[in-house]
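Here the structure is laid out as structure tokens; the discussion comes afterwards.
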Amino acid sequence: MRVDDTKMAGMTSAFSGGVTFVVGPEKTATTFIQALLEQHEDISLPRGIKETFFFDRFFENGLKWYLARFDLSCPSRRLVEVAPSYFCEDEAILRIKAYFPEARIVLCARDLVDRTISHHQHMRRYGYINTPLMKSLNPAVRPLISSLYAQFCPKWEAAFGAERVSMLDMAVLKTDPARFATQVFEAVGVKVINVPEALLSMRANEAAQPRNFFIARLATIVSNKFKQWGFYSLLELARNSPIRKFVFGSKKVSADKGVDDDVRAEIATMLAADYAFLAEHYGIEYPVSVHIGAATPPH
């Protein structure tokens, strides 16, 4: 913990409305969850940005910088951050525990093969990687590490207690968005409210192909610096301008298409223990056999 944060660490227990972190991982409907939470008057989210990246990338900015991202004028409102990048970061778990030991933690599951493929597409779009899918699958880094539920879910539960950790199933969103919304509010720890029908049918943050990897990479580096400095108004202008589509592309790419069955089967095999963990620990079963069984049998 930073020396200049020691006094502030004590005050974080004074939020009467409580604190919740929705830690994803990435590509598990966290943008949709953010949109839901923005409808709730009893929640304080970061102003002008979805993710602050404080507990993983920008921790050196200090807790005062972090808390300044929120409207704290009403202590009874629940402080919530939707931050999927925290999921597989050991340091983020420890830092959140140090500052907010009573926080609720919300996780979300998605079919692991689909999540991994979608995450890879997302990383290519924003210039983080420029390698083919299978060459990107190192269990020590994203995108694959963010699918290692059996490794990281127990760490969140150990830090905050299993009773404070909730797991959502993205499959529910596909079949019953209203029910999923209810589960989100309950997991976050606020009263359930009705949300507009149009919101329940939204699809956000879908993957696309950038026009040029190096331009996308440069734009992402600049964007991350703006996030670190808190220049959210400039980011919002760029996000809503034609420049964004020009740089990052607009043609959507589905995780359900464009990947050979053999590749999907190999990813499913890599993540077999994580499929089993979700089924055994949370009762969430995805048809891993569909991926493996679809592969071309050896001749």
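FRET efficiency for the pair Ile221 and Thr269, taken as 1/(1 + (r/R0)^6) with r the Cβ-Cβ distance and R0 = 25 Å, rounds to 0.10.
For segment 118-190, what does the alpha-carbon gyration tensor say about shape, rounded, prolate or oblate, given a ≥ b ≥ c as the root eigenvalues, a/c under 1.5 as rounded, and a/b over b/c as prolate? Oblate shape, in that a/c is at least 1.5 and b/c is the bigger or equal ratio. In segment 18-71, Cα pairs under 8 Å separated by at least six residues give a relative contact order of 32 percent. Put simply, the amide H of Arg78, placed in the peptide plane, has neighbours under 5 Å in Ile43, Ser44, leaving out anything fewer than 5 places away on its chain.
The Lys135 and Glu285 beta-carbon pair, evaluated with R₀ = 41 Å, returns a calculated FRET efficiency of approximately 0.85. Taking amide hydrogens as placed 1.01 Å from N in the peptide plane, the amide H of Asp169 sits under 5 Å from those of Ala109, each at least 5 positions away in sequence or on another chain. Using DSSP to call loops (not H, G, I, E or B), can you name the trypsin sites (Lys or Arg not before Pro) in segment 27-74 whose Cβ has at most 15 other Cβ atoms within 10 angstrom? Taking segment 27-74 and a limit of 15 other Cβ atoms within 10 Å, the loop trypsin sites (Lys or Arg not before Pro) found are Arg47.
Of the trypsin sites (Lys or Arg not before Pro) in segment 161-202, the ones in a loop by DSSP (not H, G, I, E or B) with at most 12 other beta carbons within 10 Å are Lys191.
A short reminder: the numbers here are calculations on the coordinates, not readings from a lab. All of these numbers come straight from a predicted model, not from anything done at the bench. No Cβ is skipped: glycine too gets one built from the backbone with ideal geometry, and neighbour counts run over all protein chains shown.
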